[in-house]
Structures are given as structure tokens and as C-alpha cells.
Amino acid sequence: MTTFLILIVVALLAIALWQLTKIFDLTQVGSSVNDTQVADDNDNKVNGYLMFAFLVFIYITTIYCVWNYGHFPLLSDSASEHGPLVDNLMIISLVLIFIVQTITQALLHYFAYKYRGREGQKALYFADNNKLEVIWSSIPAVVLAGLILYGLYAWNNIMFVDKEQEQDAIIIELYAKQFGWEARYAGTDNVLGKANVRYIEGVNNLGVDLSDPNAQDDFASTELHLPKGKRVIFKMRSQDVLHSAYMPHFRAQMNCVPGMVTTFSFIPTLTTTEMRERPAIVEKVANINAIRAKNSEKLLAKGEPALEPYTFDYLLLCNKICGASHYNMQMKIVVDTPEDFNKWMKEKQSKTIAAAAKVAAAEAQATEAEAKKPDTTALTTTKDTTLVANSIEVK
């Protein structure tokens, strides 16, 4: 494939150089005109047929790409309650774009042939045509208005969370920093404590206000666990630059802006185990592992370790170019059954941020107290040395 692309680039460069030489000839003022460069009826006819050939090439390429690369698991395997709504909007947009592109390309190449240059033929010109202008203005306006209205409906349906839903939801904070993610869970009170970057110190790397009563049961995790079938409300913060929390399988994305809190909410509908059993995901994993197996053979032949088999996981990614390691800014997401999620929460609730801060403070005080103790080792060593010297003189 790479060789084929290189050949195409070389061919295009050759054509570009050829065209540049022709332009150079036309710019030679005062020199004799080369009549062979002037297109005649036969040249225009050939160009018209070439336009048709290029149209066929476009359609064949499109059909080939759709047939071989048109299987997108993400367009059919959303894992959130609002996912199908987003997928439908995407599919409708793609279908409309495909239809419009097919029609306009056909008309473009057909008109290029039909109205090709002929000797003695003059172009028909008219300043305006109200009927045509109404048609080509009203049709796109109506279609775009429909898409926009559907998009607004989808957006409002996704983003609107009423008081009743909010009371029954789980509150999780997503904290972004170069180049990683950390999740903060509200404990048994389901209320996140206050936080600010000014409070970042030692083990309190999320800047939690440890004096806030609501923060006493908050705990952090480098792996995001979500319960199936329960609404999750995310509160998103950034420590340094603009990040974007992107969870593709849940059709969720929201910017993380320094100095403010942004929110997003969804209900997971498929556990990690259930998604792994989906036919499209099974096929995807099998294809990836087949490629890895071939590459592992080459690595083993060189004496290098083989690649580990790929296993599907939900991921939280950063969808903003936030720095040199932007590509590596991701966190594993695990969707559990409600029972497994409650079990995981119980295991984590004892490891609160406040408790870790207290332990770290106690260790720091103990280290400081140890450092303040007088050092008697040097004095003892001096006395011992003196005694040894005196004993040697006596002997």
C-alpha cells in the first residue's frame, strides 16, 4: 500500500512539473506562439470523456472502500442509553452527504462534457434565474434546518438532567492533567467535597479541601468504574491546560477547562463483559490479535519478546492536543454490574483522600521529629577512639 501511494505521489509530481512548463511557455511574452498548445474540438472532446472516466473512478473507489472498510462497530455498538440517538444522527448525516455527493459529482462531470468548448460556440449567459435560485437555496435550507433541529433535540435530551434523576445518580469527578486522568468518587454521602488547585500538596494531588465535611469520605482511583443501568453525573476539572474527556463507546465528550467545572451525564447499558461478547467486538479483537501474532513472529525471530494479546476495554481519552504525550493520556473504564460495583466501592471507601493525607502528615511529623533529635553518634565515636589510643600508649 505504501509503495502504491509513493507511485501516485511521483506521478502527480510529474504532472505538476509538466503543467508548470506549459505555464512557463505561456508567460514568454513576445516569443512565437505554439499553436499546438491551443485546445481544439478534439481535445475538448477527449477531456469531456476523461471527466466521465474520472467519475467512474470516483464511484468505483467509493464502492470499494465501503465494501472493504465500511464496517464500523462504533456505529452500531454504543454502550449508553443516549447512544442510539447520536448514532441515528450520524447515520442520517452520512446518508445525506453520500446522496448529495453522488448527485453533484454526476452533474459536475456531465456538464463538463455536455458544455465542452466547440469552435464558434458562445456560452449562454443570464444574470439571474429566480426559479433556480429558490430551488437550490430552499432545499439545502430545509435539510440543514431538519438536521439542526434533530441535533438540538438530541443535545437537550442528553444534557438535561432533572432533580429526580440527579438525586438517584452517582457523582464522579474526572480530573485531567498532563498527561493522565484521575477519578474522584463521592463516598456514602454521594456529595463531592470542595476542591481547588491551590490545595494541591503532597498526596492531595486533586486539590481537595480537607476541611470540607463532604470531602471526608471522597476517594480517588486511577481506574474508572461505572455501574450498569444507573445514571452517572461527571464533574470535570483540569489542572493545567484545556483537555477533553472523550468516551467514544458511550458517545460522550466534554471539555475540561482550567478554572471551571463542566458536566456530562449518561447511563451505561452494557458491562465490559457484555461488550466483549458482541460479535463486532469479537471480530475486531480477533483481527487485531492475528496482526499481533504475525508481528510477534518477526520479533521472536530477532530475539525480542512477543506482543501481548489484545483485550477489549472501554477507554477514557483526551480529545484535545494537550502536549507532547497527548496520545498516551487515557484511562481504563470498567462497567460493572450493580452488585460488582457496590463491592468495588466498599473496598475503596476505606482508602479516602482525607485518611491518606492524615497518614502522610503523621509520617512527615515523625520524620521531622527524628531529624531534630541530637546526633550522639559522633560523640560516642570520639570517646571510643580516645580510649583506644590511651590503651595503646599504656602498653
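Between ASP240 and SER211, what FRET efficiency comes out of the Förster formula 1/(1 + (r/R0)^6) with R0 = 22 Å and r the beta carbon distance, rounded to 0.05?
FRET efficiency, SER211 to ASP240: 0.35.
Where only protein heavy atoms count, and the probe is 1.4 Å, what is the accessible area per residue for the chain in Å²?
Heavy-atom accessible area per residue stands at 68 Å².
Amide H of PHE219 versus every other amide H placed in the peptide plane: which residues, excluding those fewer than 5 positions away on the same chain, fall under 5 Å?
Amide H neighbours of PHE219, under 5 Å, 5+ apart: TYR185, GLY187, ILE353.
Quick one: ranking MET329, MET90, MET254 by accessible area, 1.4 Å probe, largest first, what do you get?
MET90, MET254, MET329
For the stretch 146-250, which GluC sites (Glu not before Pro) pass both filters: DSSP loop (anything but H, G, I, E, B) and at most 16 other C-beta atoms within 10 Å?
GLU223
To the nearest 10 degrees, how steeply does helix 2-26 sit against the main Cα axis of the chain, on a 0 to 90 scale?
Value to nearest ten degrees: 50.
To the nearest 10 Å², what's VAL359's accessible area with a 1.4 Å probe?
Looks like 80 Å² after rounding.
Considering the Cα trace of the stretch 268-347, what is its radius of gyration and what is Dmax, both in angstroms?
Rg then Dmax for the stretch 268-347, in Å: 16.8, 47.
Please list, by residue number, every one of the GluC sites (Glu not before Pro) in the stretch 72-156 that is coil in DSSP and has at most 12 other beta-carbon atoms within 10 Å.
When the GluC sites (Glu not before Pro) of the stretch 72-156 are filtered for loop state and at most 12 Cβ neighbours within 10 Å, GLU119 remain.
Compute the distance in nm between two label points, each set 7 Å from the Cα along the Cα-to-Cβ direction, one at LYS298 and one at PHE52.
Here the answer is 4.5 nm between the modelled labels.
Going by alpha carbons, how many degrees (0 to 90, nearest 10) lie between the helix axis of 130-159 and the longest principal axis of the chain?
20 degrees
So, taking all protein chains as they sit and a 1.4 Å probe, how much accessible area belongs to CYS322, in Å² rounded to tens?
Rounded to the nearest 10, the figure is 10 Å².
Kindly sort CYS318, CYS65 by accessible area of their heavy atoms, largest first, with the probe set to 1.4 Å.
From most accessible down to least: CYS65, CYS318.
What's the longest bit of the chain with no exposed chymotrypsin sites (Phe, Trp or Tyr not before Pro), using DSSP loop states and at most 13 other Cβ atoms within 10 Å as the test?
Maximal segment without exposed cleavage sites: 161-395.
In square angstrom, rounded to the nearest 10, how much accessible surface does ILE267 have for a 1.4 Å probe?
30 Å²
How high is the relative contact order of the chain? Use alpha-carbon pairs under 8 Å, at least six apart in sequence, and give a whole percent.
Rounded, it is 16 percent for the chain.
The values are calculated or read from the model by the stated rules, or taken from the named source; none is laboratory data. Keep in mind the model is a prediction, meaning the values are calculated, not measured. We place every Cβ from the backbone using ideal geometry, glycine too, and count neighbours over all the protein chains shown. For accessibility, only protein heavy atoms count, side chains too; no ligands or nucleic acids. Shrake-Rupley method; radii C 1.70, N 1.55, O 1.52, S 1.80 Å.
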